[in-house]
Every structure is written in C-alpha cells, then in structure tokens.
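A short worksheet on the structure shown next.
The values are calculated or read from the model by the stated rules, or taken from the named source; none is laboratory data. Note that this is a predicted model, so its numbers are computed, not measured. Using ideal geometry, Cβ is built from the backbone for each residue, glycine included, and neighbour counts are taken over all protein chains shown.
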Amino acid sequence: MSLASANLKTKPATILCLNGGSSSIKFAVYAQDSLTVPLLQGAVKNIGVNTRFEYSDNGADVHTNLHLKAENPELAIHFLIGWLARQSNVGEIIYIGHRIVQGLEHTGPVRIDASLMGRLRLVESYAPDHLPREIRLIDACEKAFPSAQQIACFDTSFHQAMPQLARYLPLPERYYNKGVRRYGFHGISYEYLLQELNDREQSSVARHHVIMAHLGNGSSLVALKDGIPMDTTMSFTPTSGVMMGSRTGDLDPGLITYLLQNEGLTKEQFSHLVNHESGLKGISGISGDVLELLVHEKKSSQATLAIDLYCYHIRKAIGSLSAVLGGLDTIIFSGGIGENSPVIRRRICGGLQYLGIELDEERNIHNKDMISTRFRNVNVRVIRTNEELMIARSVLAVVQKEPVNANQLCNA
C-alpha cells in the first residue's frame, strides 16, 4: 500500500453541505460519523458586489474578508467548488447535501437523479434568483466529485404539512392543480429551530403555540401548533410575504399591471425591481442591510422609515399568525437580523404587549437565549439557526433510510 493510500484511509468520510442563497453560498464539511463540529465551514458572500470569501478549519483557523473577482454567480460557483475539491485535508467527500429552495410536493430530502433534475429545470421560473444557481451547484459538484452521492433538501418540505386551506391561493382551481399554490420557504431553518426548541425545553412543543421568525436578507415567519406548521408568510415564491432586505414582500396585483403599462417595464425589469431594488434598500436608498441602516438613522429619515416599516411588517405578521394559532406561547427570533439585532427585536416586540410579550432589556442586549422577562406570558427566544447542520442530518437520514424527525434527530 502506498503512503498516499494509507493517508487517505486515515481521513474520515465526509458530508459536504451547500446552502446557496440569492447572493451567497454557505458551506460546511462534516465527518460522517460526527456532526458535532464541522471540519471546514465558510461562505462566499455578496456575490456580484464586492464578493468576499471566508472560511474556518474546525472552527479555529479563521480566514475572513478574502476578496474575489467573481462578478456573477457562475464564477463564484466555479471558484468555490474548485477550492473545495483541493481541500484534501478534510477527507473524502462521499455525500453532498444541497439546500434547494423549491421542492414541489416533496415532504423530505431525496437523492438527486436525472428525473429530479429534469423537474427542477422545468420550475426554475418559480424561484429565478435561487433555483438556477442551485442547479448549477449540483452540476458543478457532479463534475468535481463524480463518486459522491448528492441529496436534495427542500426549503418547502417543512410546510407541506400545512392545512390545505393555508396552501390555497384565491385563484381558479385549475391553477392549484398546475402547482400554483402557497409553498412557504426557509423550511430547513425552521426544522432546525424546532429541533433546538424541543431540546432546550426538554419536552415536546406539541402543547405550544409557536411563531418562528427567520429574519435576514430574506425574511419569513411560520406559525406552529402541536409542532405542525399552520401557516407561513411566504407564498408561491420567496419574494412574497413581509418586506425584506431588497424584496418587496406582498404587493397589490394591480400594481404589476400599472408598472408594466405606465412605466414600460419588461417582465425581467419588474422581477429585478421587486427582488433587488425594493424593501429596505429601496425605501432607504442606502442599503438593504439593517445594521448599516441603524448607523444612518440619525442622519437619514429614509433609513428610519425603512426600519420602521420593516418592523411594522413583522409585528403585523406576528399578530396575524397568533390569530391563526388562537394563542401564543413562544416566539423565536433567528436569521442574521433576528439573532444579532437587539434594536430590531425591541422595536418589533414593543407593539405586542397586548399578547403578553415583555422583553428583559438586559438579556435582549446580550442576545441571550431567553430574552423575555420572568413575568412574561409569552417566552421570547433567540436561537441561532444552522441550516448546514440540518442539511447534514437530513443527508444521514436519507442514507440510513430514516425519516427526518424533529424529536429523533435533536441530538444527532
């Protein structure tokens, strides 16, 4: 046996987890026999605008703000997959798990085959800022890691358990039969948060009325009753729901006709407007980054307006979802904004005292797990999501032919 072969055998079999978003690609590599700490993790961020790359080895050796010449998603994908293929120190990648934003009727993760790829290509228009890039990631991985098995983990699967009433759009029945319905997104994040909540409370959340808020550049909320999703803010596409970093959220359908006719917009220009020029970015005229806008508040009334409207949308959604649940026991804040911005959490919760919500300002400032007061009627928590870990758990569930179950996988 050669020395190279001997060294390879001492390295662990690993799982590569890829989380492709609208402007970033996050990744993590886990040993198949241990998901405790990733062997390698990082992200390509701000793709197309000051693209940056960062990564860390075993959570220790951190490399940040490495600038890339990647003006478009194709170049970013080419760089990242090539870089990962050269990282021989993390062992042999035998499984690759992908976050796929649209899973249609799939209720859980599945192995990727030609049939699935064909279906995903047919519905690229369902999520044009996500699906095409995710498909290119799969194709790139097939070339770079030809012996690895690839597995799709769908953002929509979590919401498939919603009541049929919550999945309908008020359109003729023929459109529902064609797949035009409310799917919901951020499901991988919500699955992880549900597992974490079960683990921290050391009991099932079956008796609870829970609202989870995944607040980041893309933002959504979901209502859970007896551990089952009852409704969510996002609908047919990730553009819908509450206002976001650069996305409008829900719009009056008549506005589409108005803008196309009176402004002379093409469908491509309209899509770019509602996905990349609106939300916090559009209203402020500065940025879609909440933290950046908070810095500008004292000098810019538009920055203040953008933040106030964002918090108003989230607060209104919480009120609506609590009505769906018929009560509220727990709110969870997560995502880049939800986890890291005490100011935004305070502004959102400030108008929800009627639900029995009261924040402990000291705990809120320090991003503690529980940020509500001892005398609260509603628990308010901050839980850091980990979609890459959830993808790794889902990959193992498929490989081991076990269903992904929140209660069973809490301690995986």
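Considering region 22-45, the residues that are assigned to a loop (DSSP other than H, G, I, E, B) and at pLDDT 80 or above include one that is surrounded by the most Cβ atoms within 10 Å (Cβ to Cβ), namely 38.
When the criteria are applied in full, residue 309 meets the requirement of being outside the structural domain of residue 127 (by TED's automatic domain parsing) and surrounded by fewer than 20 Cβ atoms within 10 Å (Cβ to Cβ). Residues that are among the charged types (D, E, K, R) and not assigned by TED's automatic domain parsing to the domain that holds residue 328 occur in region 184-198; there is at least one. Assess whether residue 51 counts as being exposed (fewer than 11 other Cβ atoms within 10 Å of the Cβ) and at pLDDT 80 or above. No: the conditions fail for residue 51.
Test residue 163 against the stated conditions and say whether it is without any contact (Cβ under 8 Å) to a residue 40 or more places away in the chain and either outside the structural domain of residue 240 (by TED's automatic domain parsing) or among the basic types (Lys, Arg) (or both). For residue 163, the condition - without any contact (Cβ under 8 Å) to a residue 40 or more places away in the chain and either outside the structural domain of residue 240 (by TED's automatic domain parsing) or among the basic types (Lys, Arg) (or both) - is not met.
For region 74-101, residues that are within 17 Å of residue 139 (Cβ to Cβ) and part of a loop (DSSP other than H, G, I, E, B) total 1. If only residues of region 109-131 that are at pLDDT below 95 and part of a loop (DSSP other than H, G, I, E, B) are counted, the one that is surrounded by the fewest Cβ atoms within 10 Å (Cβ to Cβ) is 123. Could you list, in sequence order, the residues of region 132-163 that are over 14 Å from residue 112 (Cα atoms) and at pLDDT 95 or above? Hits for region 132-163 are 155, 156, 157, 158, 159, 160, 161, 162, 163. A single entry from 290, 295 fulfils the requirement of being loosely packed, with under 15 Cβ neighbours inside 10 Å and either among the hydrophobic types (A, V, I, L, M, F, W, C) or in contact with a Gly (Cβ under 7 Å, 6 or more places away or on another chain) (or both): 295.
Check region 159-179 and report whether any residue there is within 12 Å of the chain's Cα centre (by Cα) and either of a type in the set (Asp, Glu) or crowded, with 21+ Cβ neighbours inside 10 Å (or both). So far as region 159-179 goes, no, none of its residues is within 12 Å of the chain's Cα centre (by Cα) and either of a type in the set (Asp, Glu) or crowded, with 21+ Cβ neighbours inside 10 Å (or both). A single entry from 248, 237 fulfils the requirement of being polar (S, T, N, Q), part of a loop (DSSP other than H, G, I, E, B) and out of contact with any Leu (no Cβ under 9 Å at 6 or more places or on another chain): 237. In region 342-396, the residue that is farthest from residue 34 (Cα to Cα) out of those that are among the basic types (Lys, Arg) and modelled with pLDDT of 95 or more is 347.
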